[in-house]
Amino acid sequence: MRPFRKLTFIHTVAALEPVFASLASERLPDWELKAVTDESLLSRTIARGHVDQDVFNCLARHIEQANANGSSAIIVTCSTLGEAVDALAHRTVTPLYRIDRGMAENAVRRASTIGVLATLGTTLEPTIRLLEATAHQAGRRCTFVSRLCGDAFSVLKSGDRVRHDMLVRQAFEDLSRDVELVVLAQASMARALDQGGRNKTYLTSPELGMDYIAERIRLSRL
């Protein structure tokens, strides 16, 4: 029999917990799932404009606690924290994954002109850097066209989901004219595009990320 295995998610958006629980249950059905949600990691990063040492240290403590609680693997589901996750991955024996790497690898494999759409600058910039690094490692010549739909985030904070979705759709349609596919830096934007009828492909991190991580876990025989 396989030893007891526990997968811990670290979220910065509470609404994502059931989404990733469902995705993980499908891909890793014999793992026990745990989740930690700390929305202050994201809110503090947005307020300060970058992942500062305070947020970095707080994320490190969550990871240390997950290790102490017997996790066999840990996933951070916030793309804004992706570079901090990469840095912390070198400090822990337990496999630690950022959620957007699978999306990045899929994007550069499928297209050479890629749009990157975000409503947060703190997510847009690390997503672009991840895509550029992924393309370089794969030997792919890719052009990235970014678009920040900052008004949509402020509208969403005010509670107007309808206008947020409209702004995201407009930005997507404008950006998609110039690229082969669009990467959504935040998975929350996908809801605005789920109505169909889009003339270009868009990629989001949850499903592609979990596909990528589950495959790495199986290959490593955790």
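Structural remarks
- Using alpha carbons only: equivalent-ellipsoid semi-axes of the range 1-40, gyration tensor based, whole Å: 22, 12, 4
- Order by protection proxy (mean Cβ within 10 Å, highest first), peptides 162-172, 61-71: 162-172, 61-71
- Around the Cα centre of the range 6-99, unit charges on the Cβ atoms of Lys, Arg, Asp and Glu (plus for the first two, minus for the last two) sum to a dipole of about 100 debye.
- Helical runs (DSSP H, four residues minimum) scored at -39500 (n - 2.57) apiece and divided by the length of the chain put the mean residue ellipticity at 222 nm at -16000 deg cm²/dmol.
- Cα-based equivalent ellipsoid of the range 102-204: semi-axis lengths in Å, sorted from largest, via gyration tensor: 24, 14, 10
- Listed by chain and number, the lysines whose alpha-carbon sits under 19 Å from that of residue 200, ignoring those within fewer than 8 places in the same chain, form an empty set.
- Convex hull projection area averaged over all views, the range 6-99, Cα basis, nm²: 5.5
- One compactness figure for the chain is 1.00, namely its Cα radius of gyration divided by 2.2 N^0.38 Å.
- Relative compactness, the range 164-219, computed as alpha-carbon Rg over 2.2 N^0.38 Å: 1.30
- Listing 93, 179 from fewest to most neighbouring C-beta atoms within 10 Å gives 93, 179.
- 100, 211 arranged by Cβ crowding within 10 Å, fewest neighbours leading: 211, 100
- Given their separation in residues at 0.36 nm each and the Cα-Cα distance between them, residue 5 and residue 216 gain 74.5 nm when the chain is fully extended.
- Percent RCO, i.e. relative contact order, over the chain, from Cα pairs under 8 Å lying at least 6 residues apart: 20
Read-outs throughout are calculated quantities, based only on the coordinates presented, and are distinct from any laboratory measurement. Note that the structure is predicted; figures quoted are calculated from it, not measured. Methodologically, a virtual Cβ is constructed for each residue, glycine included, from the backbone with ideal geometry; neighbour enumeration extends over all protein chains shown.
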